[in-house]
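Here the structure comes first, spelled out in structure tokens, and everything after it is commentary.
The values are calculated or read from the model by the stated rules, or taken from the named source; none is laboratory data. Model, not experiment: these values are computed from the prediction. Positions of Cβ are backbone-derived with ideal geometry, glycine not excepted, and every protein chain shown enters the neighbour counts.
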Amino acid sequence: MSVDQYRATFRGCPINASRHEPESIKATLQRLADATGDDEQIDNYGSGELIESFEREVAALLGKEAAIFMPSGTMAQPMALRIWADLARTDYVALHATNHVALHEHNSYQVLWQLKGCELGESHRVPLLDDLKAAARDPLAAVLLELPMREIGGQLPPWDELVRQSGWARAQGIKLHMDGARLWQCPAAYGKSLADIAALFDSVYVSFYKDLGGIAGAMLVGDADFIARAKVWQRRVGGTLYALYPYVIAAREGLARHLQALPERRQQARWLAEQLNQLPGVSTWPKIPHTNMFRMRIRCQPEAFLVKGERWMQQHNIALIPPPYRTDDDALHCEINVGDAFDFLEKDEWATWIQQFGKDMADTLSA
């Protein structure tokens, strides 16, 4: 049994604890067409009311002067760091050990964008103010902070700590950039608005497909001068596609459809983690999720778990445990991100299935 086989079965389950409701391509495109006004026109090389009005909407939502829509975060994030480096006349930026641009983008910020990284804090925890100070041994142009931090289970720094970090960076003339791929999850955790959170940062990147169900696409948000510089860089790196309207419409519709539900998704994630932690061999990270995502470690016989787990999904058409992102000799490591598919069942129904899963899989789990 391969992880790929398990993943295919997981994705095919109509009832799923860790994603949005599955939808066919045809249904998706029809829904997006229905969300488009009869008089709306396609954008052209990043210009036009469709894309520009959405940029204004997101900029206002985050309390910033301007925004620019881009095809991907892989393009947007290092671009922001490059802009701050040029203005500061230093190529050094500080990033946490689990930052996305190094871990999942093959160090593109160094190879393509000629930036130099200073490691920030320790990989198993959120960075603290002392970590920022230690990283500033070299003159820093910017510090990149991820909210929430995916690789450590969606954890967030305490609000007061984040405020201290922001104040210190600004006092030092160091720009603070947010990897806000999942920023949409944060207001419920902090009890703050998106604008309150973004106000602590000089630039913000957001994604439109992770929590909002878009096709693809990202946005950089900041002051007018920062965005003007980003527009030049976007042209340089080929990000000004002939038309981006499918991504823009999907992002706009996803924002309207999913943003208001995220506080409830957080509560569902916290409840789900509590239930899963009662199963033998299962522990979530963190134990009580900060947002609507978390990671978990399952002590088990990995091969036997994958084989039996796939059969269980096929039998019941319910997916509880996502495919692992890492497999050890005696454990699987998985990530859960609660979406609207969770609403297929009531909590008592989920609880019944979780208990049944634990009983049926008992011989593969390690207490």
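Tabulated results
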item: Some residue of segment 237-251 being outside any loop (DSSP other than H, G, I, E, B) and over 15 Å from THR28 (Cα atoms); result: no
item: Condition check for ILE68: of a type in the set (Val, Ile, Thr) and touching a strand residue (DSSP E or B) at 6+ places or on another chain (Cβ under 6 Å); result: yes
item: Filter pass, GLY63 being assigned by TED's automatic domain parsing to the domain that holds ILE152 and more than 25 Å from LEU194 (Cα to Cα); result: no
item: Hey, LEU332 outside any strand (DSSP E or B) and crowded, with 22+ Cβ neighbours inside 10 Å or not; result: no
item: Test: residue in segment 110-118 that is out of contact with any Cys (no Cβ under 9 Å at 6 or more places or on another chain), part of a helix (DSSP H, G or I) and within 26 Å of THR74 (Cα to Cα); result: yes
item: Selection from segment 292-314 of residues that are buried (at least 17 other Cβ atoms within 10 Å of the Cβ) and without any contact (Cβ under 8 Å) to a residue 12 or more places away in the chain; result: none
item: Selected residue [outside the structural domain of PRO14 (by TED's automatic domain parsing), among the small types (Gly, Ala, Ser) and either closer than 30 Å to ASP43 by Cβ or touching a helix residue (DSSP H, G or I) at 6+ places or on another chain (Cβ under 8 Å) (or both)] from GLY339, GLY254; result: GLY254
item: Index of the failed condition, ALA189 passing every other in (1) under 15 Å from the mean Cα position of the chain (by Cα); (2) in contact (Cβ under 8 Å) with a residue 60 or more places away in the chain; (3) assigned to a strand (DSSP E or B); result: (3)
item: Selected residue (only one of ILE25, ILE68 is surrounded by fewer than 16 Cβ atoms within 10 Å (Cβ to Cβ) and of a type in the set (Val, Ile, Thr)); result: ILE25
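Let's see how each residue does on (1) surrounded by fewer than 19 Cβ atoms within 10 Å (Cβ to Cβ); (2) within 15 Å of the chain's Cα centre (by Cα); (3) at pLDDT 95 or above; (4) more than 20 Å from ASP211 (Cβ to Cβ):
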| residue | (1), (2), (3), (4) |
| --- | --- |
| SER72 | yes, yes, yes, no |
| ILE83 | no, no, yes, yes |
| GLY117 | no, no, no, yes |
| HIS124 | yes, no, no, yes |
| ASP138 | yes, no, no, yes |
| LEU147 | no, yes, yes, no |
